[in-house]
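Here is the structure we will look at.
The values are calculated or read from the model by the stated rules, or taken from the named source; none is laboratory data. Only a predicted model underlies this, so the values are computations on that prediction, with no experimental measurement involved. In this analysis, Cβ positions are derived from the backbone assuming ideal geometry, glycine residues included, and neighbour counts consider all displayed protein chains.
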Amino acid sequence: MTNVNPSRSGKTHRQENFPVASLLVRAQHRPIILAFYYFVRAADDVADDPALTSAEKIERLDRMEAALLGDGARNEYPEAAALRLALAERGLAPRHAQDLVKAFRLDAVKLRYADWNDLISYCAVSAMPVGRFVLDVHGESPSTWAASDAICAALQIINHLQDCGEDYRNLDRVYLPLDILASHGVAIEALGAKTASPGLRSCIAELAVRTAELLREGDGLVGAIADWRLRAEISVIHALAMRLTRVLAEKDPLGDETHLSKWQAGWIGLFAAYRGATRGSSPASRPAASGSRI
């Protein structure tokens with residue numbers, strides 16, 4: 001794909017914390033999931049570009065959304081044109097991608113989050129639409145959305161905790177809720193240090209515990225999924241996320257490595273995939289659904 005977006009980081013789906021359209025997912029679903037990923041990746045790169053002003057970011061995001069909806073120049077944002085075509089072929093609406101664009105517009109102007117509820121409201125547009133999109137692609141019931149939302153919010157917060165120092169230093173963006181920082185006696189400037197203070201460590205540990213609670217809220221998702229391969233994929237993601245919450249509760253994201261090695265992720269994923277694939281879904285929990293249609 002030709003890159004005409006100067007903000008593009010070059011990051012691929014294979015560099016993400018959690019699997020994206022892995023081989024566990026049926027082959028017919030991978031292309032549209034990857035088209036969605038690369039549109040979102042391109043929009044995220046715009047929102048995270050330190051060389052752009054807030055107004056410039058929003059203007060570019062508006063043009064990306066217009067291209068997604070068929071109102072803009074296809075050659076300017078090929079990721080948007082590719083996703084538009086993929087959605088049309090499957091008869092799916094662009095609503096989830098549009099929700100994510102809303103999140104990136106927020107990133108362009110909102111640098112602080114007052115409390116946990118404020119952060120979860122952000123996750124409602126920055127993370128939850130991802131899971132909903134994957135479920136729609138698989139034709140799963142919207143009744144699965146609530147459990148998926150909890151897991152996706154947790155994945156987003158894990159990324160925030162891992163990247164809290166980098167986000168502050170590079171973008172002056174702080175996702176850690178201000179009231180929780182204050183309750184641990186931590187000033188925002190502590191995020192710029194090479195290692196976390198005891199107060200910041202305890203703040204991150206508290207947020208890791210809350211994030212693990214979100215993951216437990218999503219425990220029922222696997223059993224509600226009809227597609228056994230998607231059950232396996234979600235099981236892997238859930239298991240990796242649970243391990244990372246334990247890592248973050250114990251380690252310093254400013255000075256320690258808080259990402260799993262390929263070896264660790266591989267072993268965790270192997271066992272989780274087997275458990276998910278062999279776990280039967282409950283027909284009562286998955287009424288027939290066709291997804292979000294145009």
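All conditions but one from (1) modelled with pLDDT under 95; (2) surrounded by fewer than 19 Cβ atoms within 10 Å (Cβ to Cβ) apply to residue 24; the one that does not is (2).
Yes/no matrix, rows are residues, columns are (1) more than 15 Å from the chain's Cα centre (by Cα); (2) surrounded by fewer than 22 Cβ atoms within 10 Å (Cβ to Cβ); (3) part of a loop (DSSP other than H, G, I, E, B):
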site	(1), (2), (3)
49	yes, yes, yes
60	yes, no, no
98	no, yes, no
103	no, no, no
117	yes, yes, no
130	no, no, no
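Being at pLDDT 95 or above and aromatic (Phe, Trp, Tyr) is a condition met by no residue of the range 77-85.
Residues of the range 106-123 that are of a type in the set (Gly, Ala, Ser) and either under 18 Å from residue 61 (Cβ atoms) or not assigned by TED's automatic domain parsing to the domain that holds residue 183 (or both): 108 alone.
Restrict the check to the range 77-93 and report whether at least one residue is aromatic (Phe, Trp, Tyr) and part of a helix (DSSP H, G or I). Taking every residue of the range 77-93 in turn, none turns out to be aromatic (Phe, Trp, Tyr) and part of a helix (DSSP H, G or I).
Scanning the range 105-115 for residues that are among the basic types (Lys, Arg), touching a residue at least 24 places away in the same chain (Cβ under 8 Å) and outside any helix (DSSP H, G or I) gives a single hit, 112. In the range 160-179, how many are assigned to a helix (DSSP H, G or I), in contact (Cβ under 8 Å) with a residue 60 or more places away in the chain and crowded, with 17+ Cβ neighbours inside 10 Å? Qualifying residue count, the range 160-179: 4. Restricting attention to the range 69-80, the residues that are surrounded by 14 or more Cβ atoms within 10 Å (Cβ to Cβ) and either farther than 29 Å from residue 160 by Cα or under 20 Å from the mean Cα position of the chain (by Cα) (or both) add up to 4. For the range 89-96, the condition of being at pLDDT 95 or above and in contact with a Pro (Cβ under 7 Å, 6 or more places away or on another chain) holds for at least one residue. With respect to the conditions (1) closer than 26 Å to residue 203 by Cβ; (2) part of a loop (DSSP other than H, G, I, E, B); (3) of a type outside the set (Lys, Arg); (4) more than 17 Å from the chain's Cα centre (by Cα), residue 226 lacks only one, and its number is (1).
Specify the residue that is farthest from the chain's Cα centre (by Cα); the eligible residues are those in the range 185-202 that are free of Cβ contacts under 8 Å to residues at least 12 places away in the same chain and not in a loop (DSSP other than H, G, I, E, B). Across the range 185-202, the extreme among qualifying residues is 198. Evaluation of residue 142 against the conditions (1) crowded, with 22+ Cβ neighbours inside 10 Å; (2) touching a residue at least 60 places away in the same chain (Cβ under 8 Å); (3) closer than 30 Å to residue 26 by Cβ shows that the sole unmet condition is (1).
Pick from 241, 182, 277: which is at pLDDT 95 or above and assigned to a helix (DSSP H, G or I)?
Numbers: 241 fails: at pLDDT 95 or above; 277 fails: at pLDDT 95 or above.
The conditions single out 182.
Condition check ((1) at positive phi; (2) touching a strand residue (DSSP E or B) at 6+ places or on another chain (Cβ under 8 Å)) across all residues:
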{"position": "123", "(1), (2)": "no, no"}
{"position": "136", "(1), (2)": "no, yes"}
{"position": "139", "(1), (2)": "yes, no"}
{"position": "151", "(1), (2)": "no, no"}
{"position": "156", "(1), (2)": "no, no"}
{"position": "170", "(1), (2)": "no, no"}
{"position": "181", "(1), (2)": "no, no"}
{"position": "191", "(1), (2)": "no, no"}
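Hey, does the range 89-105 have a residue that's of a type in the set (Val, Ile, Thr) and in the same structural domain as residue 38 (by TED's automatic domain parsing)? No, that holds for no residue.
Against the definition (free of Cβ contacts under 8 Å to residues at least 60 places away in the same chain and polar (S, T, N, Q)), how does residue 126 come out, yes or no?
yes
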